[in-house]
1. Pick from ALA30, ALA51: which is among the small types (Gly, Ala, Ser), in a loop (DSSP other than H, G, I, E, B) and at pLDDT below 90?
2. Can we say ARG330 is basic (Lys, Arg), assigned by TED's automatic domain parsing to the domain that holds ARG415, more than 23 Å from the chain's Cα centre (by Cα) and over 26 Å from LYS285 (Cα atoms)?
3. Filter region 372-394 for residues that are under 19 Å from the mean Cα position of the chain (by Cα) and not in a loop (DSSP other than H, G, I, E, B); which is modelled with the lowest pLDDT?
4. Select from region 414-424 the residues that are within 15 Å of THR126 (Cβ to Cβ) and either modelled with pLDDT of 85 or more or of a type in the set (A, V, I, L, M) (or both) and list them in ascending order.
5. Within region 441-452, does at least one residue satisfy the condition of being buried (at least 16 other Cβ atoms within 10 Å of the Cβ), assigned by TED's automatic domain parsing to the domain that holds VAL262 and among the charged types (D, E, K, R)?
6. For region 132-161, give me each residue that is under 25 Å from ASP440 (Cβ atoms), without any contact (Cβ under 8 Å) to a residue 24 or more places away in the chain and either crowded, with 18+ Cβ neighbours inside 10 Å or under 23 Å from the mean Cα position of the chain (by Cα) (or both).
7. Quick check, is VAL100 of a type in the set (Val, Ile, Thr), surrounded by 13 or more Cβ atoms within 10 Å (Cβ to Cβ) and touching a residue at least 60 places away in the same chain (Cβ under 8 Å)?
Amino acid sequence: MKVCLHTPLPRLSNELWEVLKLFYKTEGFAVAATAPLTEEDVRKAQFTATAPTDDMQVLTHEFSEEGGGFCCRFIFRGQAAQRRAPVIAGESELEQKRRVKRLCKLTLYDLCKQLTGMHPAWGALTGIRPTRLYYEQLDKGLTHAQAEAALRREMDVLPEKTALLSRIVRVQQSLPQADENDWDVYVAMPFCPTRCSYCSFAGEAIGDGRKVRPYLNALYKEMDAAAQIMRERGAKLRALYIGGGTPVSPDDETFAEFLKRVCQLFSNPLEFTVEAGRPDAITAKKLAAMREAGVTRVSVNPQTMNDAALRLIGRNHTAAKAEAAFNLARDHGFENINMDVIAGLPGETAEDFRRTVERIAALAPDSLTVHTLALKKGGKLQKTQLPPAETVEEMVETGEACATRMNMQPYYLYRQKYMAAPQQNVGYAKENKACLYNMDIMEETATILAAGAGAISKRVFASKNKRIERAPNAGNVDVYIATIDEMIRRKQRLFVEG
């Protein structure tokens, strides 16, 4: 279906499109402004057309201020829905814009639900952090039961999802919380043995390894500057996380050198994770180097234990290799090992996924992350290859049931755009095995100083509204190396001059 939105508020077009996609497969989306454009309109909206083409259906949006309040109305396929909201005295311009956005999204949601009879599991929520809305309810003084009821009532979220949010927030509240002076450090190694077909993250296949040394030279320079920033600010290291890519992609000696340099600059973290990731790159020497460096948590991520699916998504290892890598990590004394799986991979059935989680349960990891496949522009998978949404939902439920049997509790959750089904990604962990860094980055409660290609530094300011500012690094390895001085200046502007 192709749709052209006629709206007086084109800056909201992206958010309205996200609501539309909860109910319809939209192959094209154009925006026609029905009011003069402001600078904000141009900055926030993606204009693909100024008028509908012959094959487009028209979605009409009307918005006005009348009777001391706002009135929003949508018309589509011969039906209409309308909502009103009062003007609140003393409300800031930013708060008012947020209320207007929510009013418009909920009105369109009402209309689409009316037209289709569908009830999305997450209701009208389109953001990646549903827990944030749950915390907003708690900040108002509501109990957990009242917060759940508010999300069901105001955002039409199904009870099983609000119950999941409640469980997650309760676990998070039991974990050590970050003070303003507690910083996390993230270091990116953007190389992988091969490029997975679903992947859209910054990074590339390591190939012959010729880019590793130039990359490390640039990375070490940035890490030196980052450590200096921490010293100047008097920041305390909370969680240290090495991710990617696949951090263990370089050879044994290079990886050990890299790890030693990281530890020299960022010492004594409360938690130290290496997202080892691909089983085909994990070796005994790399695990020994991690143990010597004081790594407290590692990830061994098979994504599936189905060899046919592994080949299809571009992985060179087998399920047996994943099991061997996990056991090798255990043999090296690691007592906190995470494993990742993906629901919705091409060609997989609900029974395939059940076998995957059963084989993982037999290994008894300390935490399990159940992802829902997301189809990003940078990935290569085609939608026609994927299991239906109902099957993906069954897979996600199977993953949750497996985690429960392993005595794990959910401790963080996020959603992504373009997911294969309207589900979520959830991290489960046994008692005292939850990853603080995962919680911090998803809830945006701790400052993160990040180094490497594709890494994004994030400064959380102490205030009622937890203002956040970011400094992104270039994602392309070559561009990162060539612009390393600019990457460093961005951090200095954010953390020193800001």
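1. Working: ALA30 fails: in a loop (DSSP other than H, G, I, E, B).
Only one candidate qualifies: ALA51.
2. Working: basic (Lys, Arg): yes; assigned by TED's automatic domain parsing to the domain that holds ARG415: yes; more than 23 Å from the chain's Cα centre (by Cα): yes; over 26 Å from LYS285 (Cα atoms): no.
No; evaluated as a whole, the condition is false for this residue.
3. Once the filter is applied, the top-ranked residue is ALA374.
4. Quick first cut of region 414-424, residues within 15 Å of THR126 (Cβ to Cβ) only: 414-419, 421-424.
Answer for region 414-424, where residues must be within 15 Å of THR126 (Cβ to Cβ) and either modelled with pLDDT of 85 or more or of a type in the set (A, V, I, L, M) (or both): TYR414, ARG415, GLN416, MET419, ALA421, PRO422, GLN423, GLN424.
5. Checked against the condition, which is being buried (at least 16 other Cβ atoms within 10 Å of the Cβ), assigned by TED's automatic domain parsing to the domain that holds VAL262 and among the charged types (D, E, K, R), region 441-452 yields at least one hit.
6. LEU133, GLU136, GLN137, ALA147, GLU148
7. Values: of a type in the set (Val, Ile, Thr): yes; surrounded by 13 or more Cβ atoms within 10 Å (Cβ to Cβ): yes; touching a residue at least 60 places away in the same chain (Cβ under 8 Å): yes.
So VAL100 passes the test.
Residue-by-condition table, conditions (1) polar (S, T, N, Q); (2) within 15 Å of CYS192 (Cβ to Cβ); (3) not in a helix (DSSP H, G or I):
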{"residue": "GLN264", "(1), (2), (3)": "yes, no, no"}
{"residue": "ASN268", "(1), (2), (3)": "yes, no, yes"}
{"residue": "ALA276", "(1), (2), (3)": "no, yes, yes"}
{"residue": "LEU287", "(1), (2), (3)": "no, no, no"}
{"residue": "VAL295", "(1), (2), (3)": "no, no, yes"}
{"residue": "MET305", "(1), (2), (3)": "no, no, yes"}
{"residue": "LEU310", "(1), (2), (3)": "no, yes, no"}
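The values are calculated or read from the model by the stated rules, or taken from the named source; none is laboratory data. Because the structure is predicted, anything quoted here is derived from the model rather than measured. No Cβ is skipped: glycine too gets one built from the backbone with ideal geometry, and neighbour counts run over all protein chains shown.
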